Every structure is written in C-alpha cells, then in structure tokens.
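The values are calculated or read from the model by the stated rules, or taken from the named source; none is laboratory data. Predicted, not measured: the structure shown is a model, and the values here were computed from it. Cβ placement follows ideal geometry from the backbone for every residue including glycine, while neighbour counts extend to all protein chains displayed.
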Amino acid sequence: MISVHTSPLAQPGTGDAGGMNVYVVQTALEMAKRGVEVEIFTRQTSSDLPPVAELAPGVLVRHVVAGPFGGLGKEDLPSQLCAFTAGVLRDEAGQEPDWFDVVHSHYWLSGQVGWLLRDRWGVPLVHTAHTLAKVKNASLAEGDAPEPLGRLVGEEQVVAEADRLVASTPGEADALVAEYGADPDTVRTVAPGVDLQTFTPDLDRDGARARLGREAGVPIGEDDVVLAFVGRIQPLKAPDVLLRAAAEMLARRPELRSRLRVLVVGGPSGSGLAQPRVLIEMARDLGITDVVSFLPPRSGEALAEVYRAADVVAVPSHSESFGLVALEAQACGTPVVAAAVGGLPVAVADGCSGLLVDDHSARSWADALERAALDRELRGRLAAGAVEHAAVFSWDRTADALLATYSEAVTARRAGSAPRGVAV
C-alpha cells in the first residue's frame, strides 16, 4: 500500500490524518488476519521514526525519506514524488524477485507513485481516491481555496492508468466515470467499514459524560443535551455549522442554555482558516463560549466514549467521500445529523439511523438537531436504527471485497487483458 502524505501511525483528527488513515490501518490488519502480508510505504516526517515499524504481525510500515522531515503540506508534496518513488524502489530491490503482487495506492499523490511502480514491477495498480478534487471544488466552503489544477490533472492521469479503481459509494463510482472519464469496467464499489468491536452501544453513558466533563472542565450531567463534532478542524468539515446551529437553538430556547453542551473533538488542518482559534473566536462572537468545549483528537475506546456521551453527532461537511465518523457514532448507538452530500446518504440512513440536512444554514441544522436530540421518542428510534445500520458495515467485508478486487486485477493482468482507463 502507498500512503504518501499521511502515515497510518498518525492520530486521526489532526493534520492531514483522518478517515483515510483508519481505512488503511483497518484493511491492512484484516488482510494480515487472512494471511496476506502488507507493507505500507509512507513519507518519513520525523527523524525519530524508524525505517521500518511493525504495525501488527504481517503489517509493516516503511518510512521513506523524501524531502525535509515535517513541515510539508500536501501542496508541497508533488515535488517529492520522485524522491519517494526512488526510496520505494530501493526498498523493493532488496527483496526477492516478484516480492509484491499488487500495489494499492491511497489518494492521488500515492497514485502517481503507484503508477510508476506498477510499470516497473509488472503488477496491477489498484487505486482508492478517498476524495476527488472535481467533486470537492463543486461544493467548497465559503472562503476555502479550490484544489489546484495540478491535482486535477494528476487525478485524471491516475484514473486513466489504474487497473482497478475502488470507490466507496455508487455516487463516487459515477463521479469517476462522468467527471474523470474512467472506464466503468475498472471501477469497483467497496464500502468502508467500522470496528464493531471497539465502537459498541451505550456501555456506560453516564460514566463517559462524567469523564469528558472533567476533561473539559465543565460537568456534563445525565439530563444535559450533548452535541458532538469529531474530525479535523477545517472549512471542508464545517464545524462552524454546528456552532451556528447551537446559537440558533439557544436563541429559540433560552432555557436550554443550562443543559446544552457542544463538544468539538479534533485538531487543526489545512488552510489558515482551519486554526482552532477561529472557532474559539466564533463561539465568543456567537455568545456560546459557556456551552462549547474544545477537546484534542483521540482514537479507539477514548473516541467511542465521546460518541456514547453524545445525544447526537453532527457531520456537517461540505464534501465527504463517505464519512467514517458517522458510522462509528452509529455503531455506538448515537444518532447522526449529517449533510446530504457525497457518501453521507449511504453512511446515514435518513429517518432510520439519523437525519440528513440539505443545506448548511443555521436554521436547518437547528431544526434537525432539535428533532434528533430533544424528541426522546424519535431519538430512541434513531439510536436503535443506528446500531442496526452500522452493523451492515464491517472491515471484514471491506477487506474481503478488496482482496477479491486484487485477485481479479492480478488474473486480468496475467491474461494480458487488464482494462485501461479511457484516454484523452
């Protein structure tokens, strides 16, 4: 696997680490359980990192030196792809012949590397975009910068060259064909999963609230109304929508102020608009600093506690290829209010496991959050539906579908019939 711009060892929810990191780690672990050895190549961002780290038996993370340690954003990484590719080739040269059977690249930067490795090693390239620039640019947050032309061209090249393209949803598969000219015969739809062993329904909701309250420095009581945002703090993820909606709720229901708690769990990412101080200042300007708490990113059981403590988890993204946070929250029995964009209508069953909102206005979001959090009967139905809906998704199924795609691509390439993407 190739993951140039973000390490599978990084903490999701900050920097450039997010759902893709979880995807790479979980699929690699599941493949290893099936006896498939996985090596993940990522850029080395610190001199403290070892050249090779074992993530788990059968899963190695190889840190490739390409450019200075740290300090490089995704926009700077295209200049380091040559160095990164050379590092991967040097590592492979020390292995037995035909060491790798498949290259699976994640994100377009990795796809550029994978394309060259595919040609050098004579193995198929399977590519997962995770996000698409043309889709993202069509629904930018106000003030957010569009993805550059270089990325659009790079994505088009990878789409044209990959032996198989893995989309998370039918909508993403359609976008690959309609917007990027992908050959439909190369596209496979494989839904991401959720760790159903870690993200489980309400085990100790009151305890989770008490622990988070101590961390936030504000007690969270049994009868409090808790709204949570989990993810990177950047315009694309739109945590500001939740803050504006909370202010609208308090304007409508002043008596709710003593019980409303808004948790923003995540770290900074992306552009200058993504600094937490912007949200802190927004909360102050909206007059809701007393109800909003900012908490650092976390994973595993600590993240599950956030979901369990919440009445509702908000996913107000302007663009989202799938939305793993929505799945994780639902697996914990917490309804989700999400924007009706990208893959979120697949991740959230509208009216059954959560509610979808068609716009990003404070009024619409306040309406949906009030329904999901304050209507106890509806919340109970959505909570039950959330667990049922999330159970359909598992990393077991994702890994099995990916391995089937790999086998198909290997067979086609050996037979000399691997379909190509549509050329210019």
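Listed values, structure above:
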read-out	value
P68 being modelled with pLDDT under 90, under 19 Å from R120 (Cα atoms) and not aliphatic (A, V, I, L, M)	no
Any hit, region 262-280, residues being in contact with a Pro (Cβ under 7 Å, 6 or more places away or on another chain) and buried (at least 24 other Cβ atoms within 10 Å of the Cβ)	yes
In region 118-139, residue surrounded by the fewest Cβ atoms within 10 Å (Cβ to Cβ) [restricted to those that are under 13 Å from V159 (Cα atoms) and among the small types (G, A, S)]	A133
Sole residue being out of contact with any strand residue (DSSP E or B) (no Cβ under 7 Å at 6 or more places or on another chain), without any contact (Cβ under 8 Å) to a residue 60 or more places away in the chain and on the phi > 0 side of the Ramachandran plot, chosen from G342, G351	G351
Count of residues meeting criterion [part of a helix (DSSP H, G or I) and either modelled with pLDDT under 95 or surrounded by 15 or more Cβ atoms within 10 Å (Cβ to Cβ) (or both)] in region 382-395	9
Which listed residue is surrounded by 15 or more Cβ atoms within 10 Å (Cβ to Cβ), assigned to a loop (DSSP other than H, G, I, E, B) and touching a helix residue (DSSP H, G or I) at 6+ places or on another chain (Cβ under 8 Å), from D240, D195	D195
Residue that is modelled with the highest pLDDT, among those in region 107-153 that are assigned to a loop (DSSP other than H, G, I, E, B) and hydroxyl-bearing (S, T, Y)	Y107
Subset of region 227-245 [touching a strand residue (DSSP E or B) at 6+ places or on another chain (Cβ under 6 Å) and modelled with pLDDT of 90 or more]	L227, A228, F229, V230, P239, L242
Condition met for P12 (at pLDDT 90 or above and in a loop (DSSP other than H, G, I, E, B))	no
